[in-house]
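Novice: Pasting in a structure now, in structure tokens, and then I'll have a few things to ask.
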Amino acid sequence: MKLFTVVICTYNRHHLIENCLKSILSNTIIPRKIIIIDQNYSFLTNIKIINLFKSKNYKNYLIIRNLIQKGLTRSKNLSLKYVNTKYVFFIDD
């Protein structure tokens with residue numbers, strides 16, 4: 001049963017986000033939803049994320065792009081509006 005959501009707050013770290021997502025998606029229990037908040041939107045980060053989700057056939061994700069850096073706490077609070085599970089796990093880079 002998928003009872004949790006994973007929220008990843010990143011700051012333009014396309015070289016790290018791919019490994020982070022691979023790790024999450026390779027677990028025996030996969031989250032119901034993955035929310036990624038990119039503080040400094042990068043086209044390269046976006047392409048890597050979408051390609052990885054397509055390759056893993058994972059469709060329940062949300063990418064929130066902050067064109068202006070809002071900070072970690074505000075980003076986490078923003079993500080909670082999109083959570084519909086009992087548990088939330090936050091990953092920061």
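Novice: Give the number of residues within segment 28-86 that are assigned to a helix (DSSP H, G or I) and of a type in the set (D, E, K, R).
Specialist: 5
Novice: Can you tell me how many residues in segment 76-91 are open to solvent by 50 Å² or more (accessible area, probe 1.4 Å) and either closer than 13 Å to residue 38 by Cβ or β-branched (Val, Ile, Thr) (or both)?
Specialist: Matching residues across segment 76-91 total 1.
Novice: Additional query: Across segment 26-55, what is the total count of residues that are of a type in the set (Gly, Ala, Ser) and either open to solvent by 80 Å² or more (accessible area, probe 1.4 Å) or free of Cβ contacts under 8 Å to residues at least 12 places away in the same chain (or both)?
Specialist: Of the residues in segment 26-55, 2 are of a type in the set (Gly, Ala, Ser) and either open to solvent by 80 Å² or more (accessible area, probe 1.4 Å) or free of Cβ contacts under 8 Å to residues at least 12 places away in the same chain (or both).
Novice: Take residue 73 and tell me if it is farther than 17 Å from residue 91 by Cβ, over 11 Å from the mean Cα position of the chain (by Cα) and open to solvent by 40 Å² or more (accessible area, probe 1.4 Å).
Specialist: Answer is no for this residue.
Novice: Still on this structure, I have one more. In segment 2-25, which residues are open to solvent by 80 Å² or more (accessible area, probe 1.4 Å) and either closer than 17 Å to residue 59 by Cβ or touching a Phe, Trp or Tyr at 6+ places or on another chain (Cβ under 8 Å) (or both)?
Specialist: Of everything in segment 2-25, those that are open to solvent by 80 Å² or more (accessible area, probe 1.4 Å) and either closer than 17 Å to residue 59 by Cβ or touching a Phe, Trp or Tyr at 6+ places or on another chain (Cβ under 8 Å) (or both) turn out to be 2, 22.
The values are calculated or read from the model by the stated rules, or taken from the named source; none is laboratory data. Since the model is a prediction, treat every value here as computed from it, not as a measurement. Neighbour counts run over all protein chains shown; Cβ positions are idealised from the backbone, glycine included. These area figures cover heavy atoms from the full protein model, side chains too; ligands, DNA and RNA do not enter into them. Shrake-Rupley method; radii C 1.70, N 1.55, O 1.52, S 1.80 Å.
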